[in-house]
1. Check Ile51: other-chain or 5+ apart residues with amide H under 5 Å from its amide H, H built from backbone geometry?
2. Output ³J(HN,Hα) for segment 48-59: one whole-Hz value per residue in order, computed from phi by the Karplus curve 6.51 cos²θ - 1.76 cosθ + 1.60 with θ = phi - 60°, and x for Gly and Pro.
3. Would you kindly state how much longer the chain becomes between Ser52 and Ser27 on full extension, computed as 0.36 nm times their sequence separation minus their alpha carbon distance, in nm to one decimal?
4. Ranking Glu23, Glu5, Glu14 by Cβ neighbours within 10 Å, fewest first, what do you get?
5. Based on the Kirkwood radius over alpha-carbon pairs, what value in µm²/s does the Stokes-Einstein equation return for the translational diffusion coefficient of the chain at 37 °C and 0.692 mPa s?
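Values quoted throughout were computed directly from the atomic coordinates according to the rules given, and no laboratory measurement underlies them. Predicted model only: the values in this text are computed from it and were never measured. Every residue, glycine as well, gets a Cβ built from its backbone with ideal geometry; the counts of neighbours run over all protein chains shown.
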Amino acid sequence: MAIIETMAVFENGEPRKAADVLETPLSEHVGTDALDALVGNDALTAISLTISDYHVLISENTVGIEPAESASHAT
């Protein structure tokens, strides 16, 4: 999934260490079926959520990641 790969690049500089990014499966943080349905919706503009220590923004075909602390302090 693009979220995990993007987190792996953010943390490790490469997507092949994606399994090491979260201590628990993504499905324990978010309903993956619901997320897939939302992302597949053509009317969707953006989704913003926090997963573990990350703030995730999904917009069109882009996944953005930043530390959750930075996102909570942004103005």
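1. Those qualifying (amide H under 5 Å, at least 5 residues apart or on another chain) are Val56.
2. 10, 8, 10, 10, 6, 9, 10, 9, 10, 10, 10, 9
3. Between Ser52 and Ser27, full extension yields 7.8 nm more.
4. Listed from fewest to most nearby Cβ atoms, that is Glu23, Glu14, Glu5.
5. 255
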